[in-house]
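Note sheet for the following structure.
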Amino acid sequence: MEDAQSLDRMPEGKTYVYNARRYLFDVKVPAVVAAIAFFVAGYFALAGMFTPIAIGVMVLCVYVLFNTLVAKTYPQTAALVDGELRLVSFGRTDVYRVDEITRLQVRENAMTHNAYLRVNGGGLLRGRYFVGCGDMYDENGEKALDLYQFFLDTEARLDPDNIRVRSRTVESRKNAKKN
């Protein structure tokens, strides 16, 4: 019964797009800075100046560029259409049938409504996403808060014994008692 209720509350047929200005400064600019910093740090490493720090900076830059341009973990568009979760980043669309999602791990930031998702365990190249629901809007200009809630509800439905899910449940009960 809970499964059906959770799926009934799914914000079906909605597409959310990351605010273009925010996406520029949250995703694209850091990628460009990481690319430039990689070469600058490489120069410092080859010149023997601050070598350990330069190598550390290069590793960090590779991580940022890999997540942004290869794994495409920062979706610019998220949609729940026809029973599918569609995440679009830099021209690649990852599609997951909602009824085929067996595991959804959510690390949320309730203040900004951002979520780090691992879909069906995630992988190196697909299945890991940083979804900025607080900076995504539908065609009516409304924030993607129902998408954020869908992620939390789906995790609770699929893994009710998860410590984060239980913590959220306890917290919501506390808030309900206060009100």
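The values are calculated or read from the model by the stated rules, or taken from the named source; none is laboratory data. Only a predicted model underlies this, so the values are computations on that prediction, with no experimental measurement involved. Positions of Cβ are generated from backbone atoms using ideal geometry, with glycine treated the same way; all protein chains shown enter the neighbour counts. Accessible surface is based on the protein model in full, side chains and every heavy atom, while ligands, DNA and RNA are left aside. Shrake-Rupley method; radii C 1.70, N 1.55, O 1.52, S 1.80 Å.
Could you check, for the stretch 61-83, whether at least one of its residues is among the small types (G, A, S) and over 30 Å from S167 (Cα atoms)? Among the residues of the stretch 61-83, at least one is among the small types (G, A, S) and over 30 Å from S167 (Cα atoms), which makes the answer yes.
For the stretch 109-124, which residues satisfy the criterion of being open to solvent by 10 Å² or more (accessible area, probe 1.4 Å) and under 20 Å from R92 (Cβ atoms)? Of everything in the stretch 109-124, those that are open to solvent by 10 Å² or more (accessible area, probe 1.4 Å) and under 20 Å from R92 (Cβ atoms) turn out to be Y116, R118, N120, G121, G122, G123, L124. Residues in the stretch 48-87 that are in a helix (DSSP H, G or I) and of a type in the set (F, W, Y) were compared, and the one that is surrounded by the most Cβ atoms within 10 Å (Cβ to Cβ) is F66. Looking only at residues in the stretch 1-27 that are touching a helix residue (DSSP H, G or I) at 6+ places or on another chain (Cβ under 8 Å) and assigned to a helix (DSSP H, G or I), the one that is modelled with the lowest pLDDT is E2.
For the stretch 125-179, the set of residues classified as surrounded by 17 or more Cβ atoms within 10 Å (Cβ to Cβ) and among the small types (G, A, S) consists of G127, G132, G134, A144, A156, listed by residue number.
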